[in-house]
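Just below is one structure, and these are the notes that go with it.
Just so it is clear, none of the values below were taken in a lab; they were calculated from the coordinates. Note that the coordinates shown come from a computational prediction; the quantities given were computed from them, not determined experimentally.
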Amino acid sequence: MKNKNVSAFPVSWVEKEQVSNGIKRTVYHSDGMSLRDWFAGQVMTTFIEADNREEECFQSGYDALAKNCYEYADAMMKAREK
């Protein structure tokens, strides 16, 4: 899967620092969370809501829940390539 680490919410900002001849600008950048992580989080909320409605929350365990969420996220990432 190509571009697996695409950023969901990249952010850049500029901080201005005073120096003797004027202003020096320093640019900072944060990639934020990966798009794959964001997709997995969106899937997780759906799974949790469905489990809560059936009053069987997390019967399969947290590890299985996380694994399933990332499997769905990987499928969404793959679908983006088409």
³J(HN,Hα) computed for each position of segment 68-74 - Karplus, 6.51 cos²θ - 1.76 cosθ + 1.60, integer Hz, glycine/proline x = 4, 4, 6, 5, 5, 4, 4
Step through the residues of segment 38-46 one at a time and calculate ³J(HN,Hα) from phi using the Karplus curve (6.51 cos²θ - 1.76 cosθ + 1.60, θ = phi - 60°), rounding each to whole Hz and writing x for Gly and Pro.
-> 5, 4, 4, x, 5, 5, 4, 4, 5
Once amide H atoms are built 1.01 Å from N in the peptide plane, which residues 5 or more positions from Ser34, or in another chain, come under 5 Å H to H?
-> Ala8
